[in-house]
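Colleague: Submitted below is the structure of interest, expressed as structure tokens.
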Amino acid sequence: MKVLLVNGSPHKDRCVYTALCEVKASLEENGIQGEIFHIGNGPVRGCIDCGKCADTGTCIFHDDICNELHQKMSEADGIIIGSPVYYAAPNGTLCALLDRVFFSDKGSFAGKPAAAVVSCRRGGASAAFDRLNKYFTISRMPIVSSQYWNSVHGFTAEDVRKDLEGLQTMRTLGRNMAWLLKSIRKAGMPIPDAEPWQPTNFIR
């Protein structure tokens, strides 16, 4: 079994990476493969609400990493998405990607355990954490908990390595993700059938 850990920072090996490495090591100690995927710092389009993904299952734009990320998330058994905190929110580039990835998905994420990880210097972690979790709840993905909200604190990778409680939270998250993945596989039960969507607008 494999968990995809998405590094949503423009920096490949700083704070978010340090946190995800701690999760990955914990996963692998418990027999689960982990892959860290860095979104990079190249240009990324926002969703233009063209609706073409409803026909193709992928975003119409192929000039950034959106569809590559979608493919990797579809193939993984579990997903962890990490982001730095900017103005009490996740990285805007990451959100632009996730808006398109999740909107274009045709249900392949449903039932996959997921978790968010955020890194901040001081504040805003809870708001960013909440924003990322909304992608999972709308996609029928079980959210994996830890022992606290999944955040680390520091301005540099070295700072994060001094955040002993934050690192412990990352290790606990890895163990809990491994436990849930193994439990789901052992149970062998399919996810519940989804009812047909009943979209309701609130303006009459």
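Colleague: For the range 152-189, give me each residue that is free of Cβ contacts under 8 Å to residues at least 40 places away in the same chain and either not in a helix (DSSP H, G or I) or not basic (Lys, Arg) (or both).
Modeller: Residues satisfying the conditions are 153, 158, 163, 164, 165, 168, 169, 176, 183, 187, 188, 189.
Colleague: Restrict the check to the range 136-144 and report whether at least one residue is in contact (Cβ under 8 Å) with a residue 24 or more places away in the chain, part of a strand (DSSP E or B) and in contact with a strand residue (DSSP E or B) (Cβ under 9 Å, 6 or more places away or on another chain).
Modeller: Taking every residue of the range 136-144 in turn, at least one turns out to be in contact (Cβ under 8 Å) with a residue 24 or more places away in the chain, part of a strand (DSSP E or B) and in contact with a strand residue (DSSP E or B) (Cβ under 9 Å, 6 or more places away or on another chain).
Colleague: Inside the range 97-113, can you point out the residues that are over 16 Å from residue 140 (Cβ atoms), surrounded by fewer than 19 Cβ atoms within 10 Å (Cβ to Cβ) and of a type outside the set (Asp, Glu)?
Modeller: Matches in the range 97-113: none.
Colleague: Identify all residues within the range 110-131 that are of a type in the set (A, V, I, L, M, F, W, C) and under 11 Å from the mean Cα position of the chain (by Cα); write none if there are none.
Modeller: 114, 115, 116, 117, 118, 129
Colleague: Within the range 32-86, how many residues are assigned to a loop (DSSP other than H, G, I, E, B), closer than 25 Å to residue 14 by Cβ and hydrophobic (A, V, I, L, M, F, W, C)?
Modeller: Number satisfying all stated conditions: 5.
Condition check ((1) more than 22 Å from the chain's Cα centre (by Cα); (2) of a type in the set (Lys, Arg)) across all residues:
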position: 133; (1), (2): no, no
position: 149; (1), (2): no, no
position: 153; (1), (2): no, no
position: 157; (1), (2): no, no
position: 168; (1), (2): no, no
position: 171; (1), (2): no, yes
position: 183; (1), (2): no, no
position: 197; (1), (2): yes, no
position: 201; (1), (2): yes, no
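Colleague: Please identify the pairs in which a residue from the range 109-128 that is outside any strand (DSSP E or B) and modelled with pLDDT of 95 or more has its Cβ atom under 7 Å from the Cβ atom of a residue that is surrounded by 21 or more Cβ atoms within 10 Å (Cβ to Cβ) and not hydrophobic (A, V, I, L, M, F, W, C), counting only partners at least 6 apart or on another chain.
Modeller: Cβ pairs passing all conditions: 112/78; 113/78; 125/151; 128/83; 128/90.
Colleague: Taking the residues in the range 1-29 that are over 18 Å from residue 172 (Cα atoms) and among the charged types (D, E, K, R) as candidates, determine which candidate is surrounded by the most Cβ atoms within 10 Å (Cβ to Cβ).
Modeller: 14
Colleague: Output yes when any residue across the range 41-55 is surrounded by fewer than 22 Cβ atoms within 10 Å (Cβ to Cβ) and under 14 Å from the mean Cα position of the chain (by Cα), and no when none is.
Modeller: Within the range 41-55 (the criterion being surrounded by fewer than 22 Cβ atoms within 10 Å (Cβ to Cβ) and under 14 Å from the mean Cα position of the chain (by Cα)), the answer is no, since none of the residues qualifies.
Colleague: Now for a separate question. Please state which one of 80, 65, 32, 36 is within 17 Å of residue 135 (Cα to Cα), surrounded by 16 or more Cβ atoms within 10 Å (Cβ to Cβ) and of a type in the set (A, V, I, L, M, F, W, C).
Modeller: 80
Colleague: Quick one: is residue 57 over 24 Å from residue 157 (Cβ atoms) and touching a residue at least 60 places away in the same chain (Cβ under 8 Å)?
Modeller: Spelling it out, it is not the case that residue 57 is over 24 Å from residue 157 (Cβ atoms) and touching a residue at least 60 places away in the same chain (Cβ under 8 Å).
Colleague: Moving on. Of the residues 58, 93, which single one is crowded, with 17+ Cβ neighbours inside 10 Å and under 30 Å from residue 163 (Cα atoms)?
Modeller: Within the list 58, 93, the selection yields 93.
Colleague: What are the residues in the range 99-148 that are of a type in the set (A, V, I, L, M) and closer than 22 Å to residue 14 by Cβ, if any?
Modeller: 115, 116, 117, 118, 125, 127, 128, 132
Colleague: Out of the residues in the range 87-108 meeting the condition of being small (Gly, Ala, Ser), closer than 23 Å to residue 48 by Cβ and not in a helix (DSSP H, G or I), tell me which one is modelled with the highest pLDDT.
Modeller: By that ranking, first place goes to 89.
The values are calculated or read from the model by the stated rules, or taken from the named source; none is laboratory data. Predicted model, so just to flag it, every value in this text is computed and none were measured. Using ideal geometry, Cβ is built from the backbone for each residue, glycine included, and neighbour counts are taken over all protein chains shown.
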